[in-house]
Amino acid sequence: MEKKYTFNDLVEIMEKLRSPDGCPWDRKQTHSSLIPYLIEETYEVIDAIRKENDEELKEELGDLLLQVIFHSQIAKERGAFSIDEVIDSIAKKLVHRHPHVFGERSDIKSPEDVIREWDKLKEKEGKKKKSLLDGIPESMPALERAYKLQKRAEKVGFDWKDFKGIKEKIAEELEEVEEELRKNDRKKLEEEVGDLLFMVVNLARFLGIHPEVALMKANEKFEKRFRKMEEAAAEEGKNLEELDIEEMEKLWERAKREE
């Protein structure tokens, strides 16, 4: 019968890999060198979720878990903390911040109540923010960070009153892009394009749409249609490079109709 490994087995395997007689590559890694793998594995988990592929999700969650074990082992070797302390810390946090589940609080009923209580408990833990915007990672992808910044500002009512105001502001930002384009000022043009993108994120958030999810779907749609264009061109014995823009637009419309 094939051995079924446990969480503790995984921890011991990583300890072995990092030991003097372990793997040279694993021994060489640091917290910093592992950052690209942590990011990549996270995105691969997201891809598996979006594909609704349970087998792939199981595998990718394992790869992501490995990153947690890996970092914890490196920290243990430094005398900083162990995986047991990581687990103990998050378990205590979850119990403490859910008094309506693990305690006797009965006045927390809605998701909004939970968020308000969560913020209060974090303040009591000494994590009171100097700014409402504190705690949003600077290394977060720009689109996601814009959304988070806007959501925080929304909490205190710093938000648009209606869709019309956002629409007018987007038109204004687009005009400013055109103005800097005429002036050929690349630095200012970059700034204005940034402002325009920030306002498009505002539009999505105001409408209750997560911009990252919306853009993911738009990327998928574009990729699917473009691949169909390539296939259609190949059926005619051509590459897209050989077609002019009018011919490519016809293939694009054809791809849209076939969806």
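The values are calculated or read from the model by the stated rules, or taken from the named source; none is laboratory data. Everything numeric in this text was worked out from a predicted model, so none of it was measured. Methodologically, a virtual Cβ is constructed for each residue, glycine included, from the backbone with ideal geometry; neighbour enumeration extends over all protein chains shown.
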Selection from region 120-146 of residues among the charged types (D, E, K, R), exposed (fewer than 14 other Cβ atoms within 10 Å of the Cβ) and not in a loop (DSSP other than H, G, I, E, B) yields Lys120, Glu123, Lys124
What is the residue count in region 85-99 for residues that are surrounded by 11 or more Cβ atoms within 10 Å (Cβ to Cβ) and assigned to a helix (DSSP H, G or I)? 10
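Look through region 1-55, keep the residues that are part of a helix (DSSP H, G or I) and among the polar types (S, T, N, Q), and return whichever of them is farthest from Glu212 (Cα to Cα).
Applying the first criterion (part of a helix (DSSP H, G or I)) to region 1-55 yields 7-18, 24-28, 35-51, 54-55.
Checking the rest, the ones that are also among the polar types (S, T, N, Q) come to 8, 42.
Numbers: Asn8: 36, Thr42: 15 Å.
Taking the candidates together, the pick is Asn8.
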Any residue in region 113-134 that's within 15 Å of Lys92 (Cβ to Cβ): show its pairings with residues that are surrounded by 11 or more Cβ atoms within 10 Å (Cβ to Cβ) and modelled with pLDDT of 80 or more at Cβ separation under 7 Å, as long as the two are six or more apart or on different chains. Trp118/Arg97; Leu121/His96; Leu121/Arg97
Return a yes/no flag: does region 162-177 have any residue that is surrounded by fewer than 13 Cβ atoms within 10 Å (Cβ to Cβ), touching a residue at least 24 places away in the same chain (Cβ under 8 Å) and closer than 17 Å to Ile209 by Cα. yes
Pairs, first under 25 Å from Asp26 (Cβ atoms) and outside the structural domain of Thr30 (by TED's automatic domain parsing) in region 77-97, second of a type in the set (Gly, Ala, Ser) and not in a helix (DSSP H, G or I), C-beta under 7 Å, six or more apart: none
Give the number of residues within region 39-59 that are under 28 Å from Glu77 (Cβ atoms), exposed (fewer than 15 other Cβ atoms within 10 Å of the Cβ) and touching a helix residue (DSSP H, G or I) at 6+ places or on another chain (Cβ under 8 Å). 2
What's the number of the condition Ile13 fails, among (1) over 20 Å from the mean Cα position of the chain (by Cα); (2) modelled with pLDDT under 95? (2)
Among the helices (runs of 4 or more DSSP H) lying completely within region 158-259, list those that include at least 3 residues that are of a type in the set (D, E, K, R) and modelled with pLDDT under 95. 211-235, 245-257
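Working only within region 108-119, note down all residues that are of a type in the set (A, V, I, L, M, F, W, C) and not in a helix (DSSP H, G or I). Walk me through how you get there before you give the answer.
The first filter runs over region 108-119 and keeps only residues of a type in the set (A, V, I, L, M, F, W, C), leaving 108, 114-115, 118.
Across region 108-119, the qualifying residue is only Ile108.
Taking Glu77 as the residue in question, decide whether it is in contact with a helix residue (DSSP H, G or I) (Cβ under 8 Å, 6 or more places away or on another chain) and assigned to a helix (DSSP H, G or I). Step through it out loud before you land on a result.
Numbers: in contact with a helix residue (DSSP H, G or I) (Cβ under 8 Å, 6 or more places away or on another chain): yes; assigned to a helix (DSSP H, G or I): yes.
Taking the combined requirement at face value, the residue satisfies it.
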Condition (residue is at pLDDT 95 or above and closer than 19 Å to Ile87 by Cβ) applied to region 44-62: is it met by at least one residue? yes
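Could you tell me whether Gln73 is assigned by TED's automatic domain parsing to the domain that holds Asp26, closer than 26 Å to Lys148 by Cβ and of a type in the set (S, T, N, Q)? Show your work before the answer.
Details: assigned by TED's automatic domain parsing to the domain that holds Asp26: yes; closer than 26 Å to Lys148 by Cβ: no; of a type in the set (S, T, N, Q): yes.
No; evaluated as a whole, the condition is false for this residue.
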